[in-house]
Structure formats: C-alpha cells, structure tokens
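For reference, the structure discussed in these notes is given below.
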Amino acid sequence: MNFTGFAVGDSLMQQLNAMEKNARMPHAVIISGGDEENRAELTALLSMWAVCTCEGEKPCGECRQCVKARSQNHMDIYYAKGKGKTDSISVDEVRNIVRDSVIIPGEAKRKVYVLSNADKRMGKEALNAFLKTLEEPTGDTLFLLTAENPKALPVTILSRCALLNAETKTAVDEETLALALEICQGIVATSELSLLKSTSQLSTRQKALEVLSTVRLILSDALALSVGGEPLFHREAATALRQKLTKSKIINLTHATQNAINKTNRNLNPTILTTWLCGEYRRITWQK
C-alpha cells in the first residue's frame, strides 16, 4: 500500500500492508484512536485505495479515481449525511445505503460507504438495519465507520468489522518544520540561491529523511487544495505552493521528493543528493 502524503504510524502501515498482501482486506472497518482528523485521514487513504485504478501500489494519488476520492467527489463513495440538530444517521438513510450497496459501482471496482462518528450518530434502530449488510456483504463494497469510542457500538457490529487504530500523527519538531518550510519557499522562489541554501542543510541521513518527509506532507496538502480538498498538515505553506504551481507540477514535485527519500534510504552522499534534488525541483518548476 502506498502511504505517500499520509501520516500513518508504523504499526498501522504493517497491519494494512499485511492485509493487502494476503488479500484479507475486510469489507467493513471501524477506525478509532487518534483524533477526528487522524480518523478522517485514514478514511481518505482507504477510500482512495478502494477505487484506485493504477497498476502499481495503491492508492497512487494521481489517477482520476484517486483525485475524485481525495476531494470527496466520487460517485462510488458515499458519506452518510445525517440530519437534525444531532446530525444523526437515520434508519431510513441506512436502509438506502443497504439498497444501494447491491447495485454495481458506476466508475470504480468497489463502492465505499463512510459513516463517520458512528458511535455518536447511529442509534439502535439504524445499527440493527445495518447489521444484516455486515453479515451478508457483497464482494464489491467497503464500509468505513469511525468511532471515538468503539466500545459504544454493539458487540454484533464490532464482531463483523476489523478494528484499525488511527495513531496520532508523529509530531514534527520546530527545527525540522522550519527547514521544510524554507525548502518549500525555495521551490517557488525566483532565485535558485534560497533553495540551494536550504537543501544544503540536509547534512545527515536522519535529518534528510525527517525534513523531506515533512516537505512531502506539505506537497500532499497542496495537491489536496488543487482538487478542492482540505489540507491536513500545513494550510499556509500548502496554499503558497498551490498559488504558484499547477497540479501536475505539484504531483511531479511529490515524486521527486519521494525519490529523494528513497535515495537517502540507500545512503546516497548528502552533497550528491542535494545537488540532484535542487536540479529536479528547478526543472519541474521551470517547465511549461
């Protein structure tokens, strides 16, 4: 599974990779842990994975299906709307979801249904209406429920879903973030000097990995903005990039950053790395 642009903990990465490798991805998932933003991010990752059409690691983040999923504008991904002051998911809405789930997808290979805050928004009647679908799922659906307190859900629901823990994002220290922001500013600067100065500070393997991973998160936010989505890491920096770069350039910059991370993992000399990276960044931003 491709986790580029998503802040996912190591243990969760291993769990998801194992599920995918062994073709054991469940038809229904309860996402708990972390905060609401963490749970929403994991929901976005799994939704994109479910509809991605690329031949390589999914989600690619670039195909038409991924872009639509990221912007929550995909016809085969349904977000439970809720109603009233409590924003509750009614039994009628659940029944509509159940009826719709047996219809073949319109664009993707799967249909995805997202029921956020199910522990707070779904009453007993709605949960009971949902239970039969969990017991007898079709092969082309994925149900994603988020819950701050999964124990509040009935055992009958819990027993039919896989439980994933959306670990809290790893904190980025101030020095790492500051240097990542410098690099992002250098990418769109008119002069190459600021980019050279900032990337030259990637003097050790560990520092390069930490800073470039942060740059990748900012680029991912900029890509989200380019397709009408919401940034998850650093809105201000992402907005600055989006104002000066096209979507295709942001995608290419993300690839270049990931390649730099891969090269760093292979212990490429820091001087060679920064020279190569500067050249790639300038080539991408200058191209028409």
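The values are calculated or read from the model by the stated rules, or taken from the named source; none is laboratory data. No experiment lies behind these values; they were computed from the predicted model shown. Methodologically, a virtual Cβ is constructed for each residue, glycine included, from the backbone with ideal geometry; neighbour enumeration extends over all protein chains shown. These accessible areas exclude ligands, DNA and RNA; they are computed on the full protein's heavy atoms, side chains included. Shrake-Rupley method; radii C 1.70, N 1.55, O 1.52, S 1.80 Å.
Consider residue 236 carefully, then state whether it is open to solvent by 50 Å² or more (accessible area, probe 1.4 Å) and within 22 Å of residue 71 (Cα to Cα). The answer is yes for residue 236.
All conditions but one from (1) touching an Asp or Glu at 6+ places or on another chain (Cβ under 6 Å); (2) buried (at least 17 other Cβ atoms within 10 Å of the Cβ) apply to residue 107; the one that does not is (2). No other residue among 162, 118 is surrounded by 21 or more Cβ atoms within 10 Å (Cβ to Cβ) and touching a residue at least 24 places away in the same chain (Cβ under 8 Å) apart from 118. Selection of first residues in the stretch 67-95 that are of a type in the set (Gly, Ala, Ser) and of second residues that are buried (at least 22 other Cβ atoms within 10 Å of the Cβ), restricted to Cβ pairs under 6 Å at least 6 apart or on distinct chains, gives the following pairs, ordered by first then second residue: 69/47; 69/48; 69/51; 69/77; 80/89; 80/115; 82/89.
Within the stretch 1-24, restricting attention to residues that are of a type outside the set (D, E, K, R), free of Cβ contacts under 8 Å to residues at least 24 places away in the same chain and assigned to a loop (DSSP other than H, G, I, E, B), the residue that is farthest from residue 142 (Cα to Cα) is 22.
Going residue by residue through the stretch 228-237, is there one that turns out to be of a type in the set (Gly, Ala, Ser), touching a Lys or Arg at 6+ places or on another chain (Cβ under 7 Å), at pLDDT 85 or above and under 20 Å from residue 3 (Cβ atoms)? There is no residue in the stretch 228-237 that is of a type in the set (Gly, Ala, Ser), touching a Lys or Arg at 6+ places or on another chain (Cβ under 7 Å), at pLDDT 85 or above and under 20 Å from residue 3 (Cβ atoms). Screening residue 55 against (1) crowded, with 20+ Cβ neighbours inside 10 Å; (2) farther than 17 Å from residue 220 by Cα; (3) out of contact with any Asp or Glu (no Cβ under 6 Å at 6 or more places or on another chain) leaves a single unmet condition, (1). Annotation: of all residues in the stretch 239-265 being charged (D, E, K, R) and surrounded by fewer than 16 Cβ atoms within 10 Å (Cβ to Cβ), the one that is nearest to the chain's Cα centre (by Cα) is 247.
Out of curiosity, is residue 43 among the β-branched types (Val, Ile, Thr) and touching a helix residue (DSSP H, G or I) at 6+ places or on another chain (Cβ under 6 Å)? No: the conditions fail for residue 43.
Between 280, 230, the distinction of being open to solvent by less than 80 Å² (accessible area, probe 1.4 Å) and of a type in the set (Asp, Glu) belongs to 280 only. Scanning the stretch 32-77 for residues that are out of contact with any strand residue (DSSP E or B) (no Cβ under 7 Å at 6 or more places or on another chain), in a helix (DSSP H, G or I) and not aliphatic (A, V, I, L, M) yields 36, 37, 38, 41, 49, 64, 65, 66, 68, 70.
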